[in-house]
């Protein structure tokens, strides 16, 4: 079997450890596979341990990298703290943190948004990311440095009424990205990817006829494929982005 071609300078992540929340499916799954393919050992975190375990086995089989599956509800600080401890107990370090876990429940009128829904959306999309970044970023800064990548959404910049709590939480992630870049710089870089519409498992619930009409407003005239997020993650994770921090990188197909 032919060996894969060498990675471009700055994109080889051999010897590094990456932790990805929401890593068992959707965009997170592609990020895990991409990071492992670039040489990382990986920590795969999501609420369902079985899904993490299946992906961990796939990572080890296809890439030869080590993979640690961890069950974690990122909206609970006790889970987040246990996740960080598990990663350091296994690998002794985390070089790359990807805060990818998220959720956006469907609701009717804005008056239908309950306090429980509001709290749940902000817990998962913002509160947990803050705590995990604070815990791991401080250890990175005290050690050899690292890269933290937050995953936001295009609607954080162009919010819509039907995703109001989600957009608000992710706008907080955008702000947090800049603040943490200053808090942990210069040895830790903190950046944010701002995705548009991607064809993940969530898209199975879309009205595709309506979406196709909406997509005509995008510069690319289509949704993204999950693997199209990987290049941005590898760039921000590695030395190719050595002078990039506090940045919001749109990967949205020209969302409008």
| task | Could you tell me whether residue 223 is more than 30 Å from residue 88 (Cα to Cα), surrounded by 14 or more Cβ atoms within 10 Å (Cβ to Cβ), in contact with a helix residue (DSSP H, G or I) (Cβ under 8 Å, 6 or more places away or on another chain) and touching a residue at least 40 places away in the same chain (Cβ under 8 Å)? | result | no
| request: Report whether or not residue 104 is buried (at least 16 other Cβ atoms within 10 Å of the Cβ), modelled with pLDDT under 95 and more than 25 Å from residue 181 (Cβ to Cβ). | output: yes
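To keep it simple, each residue is scored yes or no on (1) in contact with a strand residue (DSSP E or B) (Cβ under 9 Å, 6 or more places away or on another chain); (2) more than 21 Å from residue 34 (Cα to Cα).
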{"site": "166", "(1), (2)": "no, yes"}
{"site": "171", "(1), (2)": "no, yes"}
{"site": "201", "(1), (2)": "no, no"}
{"site": "210", "(1), (2)": "no, yes"}
{"site": "229", "(1), (2)": "yes, no"}
{"site": "240", "(1), (2)": "no, no"}
{"site": "248", "(1), (2)": "yes, no"}
{"site": "256", "(1), (2)": "no, yes"}
| Yes/no for residue 211 being without any contact (Cβ under 8 Å) to a residue 40 or more places away in the chain and in a helix (DSSP H, G or I) | yes
| Considering the range 59-78 alone, what residues qualify as being more than 27 Å from residue 125 (Cα to Cα) and either at pLDDT below 95 or in a helix (DSSP H, G or I) (or both)? | 60, 61, 62, 63
| query | Any idea which of 165, 105 is farther than 15 Å from residue 45 by Cα and assigned to a helix (DSSP H, G or I)? | reply | 165
| said: I'd like the full set of residues that are in contact (Cβ under 8 Å) with a residue 24 or more places away in the chain and over 23 Å from residue 25 (Cβ atoms), limited to the range 236-249. | reply: 238, 239, 240, 241, 242, 244, 245, 246, 247, 248
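The values are calculated or read from the model by the stated rules, or taken from the named source; none is laboratory data. What you are looking at is a predicted structure, and each value in this text was computed from that prediction instead of being measured. A quick note on method: Cβ atoms are made from the backbone with ideal geometry, for glycine too, and the neighbour counts reach across all protein chains shown.
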